[in-house]
Each structure stands twice: as C-alpha cells, then as structure tokens.
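Structure record follows, encoded as structure tokens.
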C-alpha cells in the first residue's frame, strides 16, 4: 500500500539559523517528486524532517492520515536510499536486502522469498552471497534500492542516491529507479542537485532556494515556462532582458529595452504580456544576423566558442551581457556588430524582479 505525503507549513532551524520557512508540499499517491536546488537550499533538511532524523520548529507532516511529525524515525515505516549506500559490510547481499524484513519479524521463509524476488528484479540474484566490499558502486546502489523496496514501504525517499556513480552509470541507474518506482506504484521523494537527473526521473520537480519552493511543476513546464527569474536562470535561460511596452496592435506588442532597442512580440506565441516584463531566452533562442538597423538588439560580439553543433557568442548589448548561439555555416568574428533577434517559441515572459 502506498500513501500520499503532505508537508504543511514546516519551519525548521539548525541552532539559530532558519533553514526552512512555512514550506508546504504534497506528493500524490504513487507520484515521484524531486527536490532540486543548490547546496544549502533546504532540500536535504526537508527529507530529514520527513524521515524523522530531525524535528520541525512548527508545521505538520502527514503520510496518508498518519501524523509523522513527532514520531521517531523507526516508527515511520519509510524506505530510504542514501548517497553512501549505508549497507552493512559484514552482511551478504541477501542478508542486507532481508534486513528490514527481519526487523519486522516476518517468518524466515517469507523473508527469503521476498528477498530472492527483489534481488531478481534488480538483477543481482547471482551476487546474493557476496559482501558489499566485493561489489561495484552500481551494484551497491541496486542492493540499497532492493533493501528499501522489499519492505513495501508506503513512502520511498532518495538522498542524492547517484552522486557517487560515474556519468554513464548514473544514467542507467536513474532509468532503473524510475522503472522500479513505477512498477511498484510507490510514492517517492527524491533529493538531488542535478537538474537533468531530476527532470528525467520525476513526475514533478520542486526547485528550492533559501528554504522555500520557488516553483513546483512538471519538468516540461519548468523548462519551458519558469515562474520567475530565479527559476529561469536555474533551468538555463542565460538571457533576461528588461522590456517596457510602447504600443499594442492586436496580438502584437511593441516594446523597448532600457537603451531603446525595439522588439515586436506576438502574444499568440508568448501568452499575455504586461506593460513591464522580462523576456527570458536561452542562447539557442537568439538569432545572430548582420542586418544593421533591423529591429532587434544591437550587440558587439566577444568571445566565440565552438560547441560542435553551433558557435556560441558572448555579446555586449545595451540590454546587458547576452549569450547567443550561431550557425556553423556563417561564423562571425569577435568584435563584429550584429543584431540579436529572439525566437518567440524559445522565450518566456516573466514579471520584473
């Protein structure tokens, strides 16, 4: 049985330092939600609170109808997968996986049956008698995952579980984790600092900063429609351009930058545009041309970098420092005067900071 998780107005301190403030989050039954952010943003503290490793200053944590807020960690019946694996070095793979079943005092035959079945699911049946010290990093992580899943917890939590693995193994393991979580239908909370990992594995992602959730949404929405400038920068919008509307012609909005550069934007493609706004775009969303006098952002090209699929230019414009990707077929030299034109399909409209 799996259950929804509800975190309601949690505040937490480390000594005199406030780490979380009135944080609320709901993870639906069977949903995987990732907490994503830089070190110190509060994501691991949130996981520790749910796990029972620390107590909140105020607020409530519910798993289904069960109030976890003041329960000790061992009374919460939660599956945990750690960055460090946390395997017992003196126990075999089989006994590591069966450990939680033994703690729950299941009959020995049932412990063996479930542990064998789970090892088979994670592809480690042939290593059942080995000790953790005889395993690779990926194999250790599979054992840790099997140990967490075999107890059939109503909630499964991951604390940076792939950080110790090499790049290719991280990709393989995140696919395995997602497949197993979906097959079990387990409600899951996943902590990571890796954007690609979070986006690839999650139903929804909460981007955090200074103990607050800045946006909670599907990976697609976060990537394409960030809610604010912080999230936009976090998900790779290198260019944030301040604009003011000077006129409206049906769906077409005419706007200027602070230095007077003119842009015309379509609300049919971008959505509603307020009188003052930020146009956010990635480097791929700025077209580089040598059309002087054309509508767009006049700029001087600085450093040119070869990316394989494109050249990337560091650009100085009246609107500020901008980054644009240009075609390999028509390279520009550093120092060239160009015009940068946003592609509306690769832009987002944000409120001014």
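Just so it is clear, none of the values below were taken in a lab; they were calculated from the coordinates. What you are looking at is a predicted structure, and each value in this text was computed from that prediction instead of being measured. Using ideal geometry, Cβ is built from the backbone for each residue, glycine included, and neighbour counts are taken over all protein chains shown.
Odds and ends about this structure:
- Using C-alpha pairs under 8 Å with a sequence gap of at least 6, the mean separation divided by the residue count of the chain gives a relative contact order of 16 percent.
- Cα gyration tensor, the stretch 125-239 - rounded (a/c under 1.5), prolate or oblate: prolate
- Computed extension length for residue 22-residue 73: 16.2 nm, one decimal, from 0.36 nm per residue of separation with the Cα-Cα distance subtracted.
- Between 0 and 90 degrees, the angle of helix 137-150 with respect to the longest Cα principal axis of the chain falls at about 70 degrees.
- Highest-fluctuation residue, 168, 66, 140 considered, GNM on the chain with Cα pairs under 10 Å: 168
- Take the Cα of residue 57, step 7 Å toward its Cβ, do the same at residue 102, and the gap between the two points is 4.2 nm.
- Three-way shape label, the stretch 237-350, alpha-carbon gyration tensor, a/c 1.5: prolate
- Fraction of antiparallel bridges per DSSP, the chain only, in percent to nearest 5: 75 percent
- Rounded to the nearest 10 degrees, the inclination of helix 167-184 to the longest alpha-carbon principal axis of the chain is 60 degrees.
- Distance between the pseudo-spin-label points of residue 176 and residue 86 (7 Å out from Cα toward the beta carbon): 1.9 nm.
- Using C-alpha pairs below 8 Å separated by at least 6 residues, the relative contact order for the stretch 206-333 is 19 percent.
- When shorter helices are ignored and each DSSP H run of at least 4 residues is given -39500 (n - 2.57), the per-residue value for the chain at 222 nm works out to -7500 deg cm²/dmol.
- Protection proxy ranking, peptides 96-105, 247-256, average beta carbon neighbours within 10 Å, highest first: 96-105, 247-256
- Residue of 340, 216, 162 that the Gaussian network model of the chain assigns the largest fluctuation, springs spanning Cα pairs under 10 Å: 340
- The mean of 1/r over all distinct Cα pairs in the stretch 5-232, once inverted, gives the Kirkwood hydrodynamic radius of 18.1 Å.
- Ranked by the mean number of other Cβ atoms within 10 Å of their residues, highest first, the peptides 9-21, 78-90 fall in the order 78-90, 9-21.
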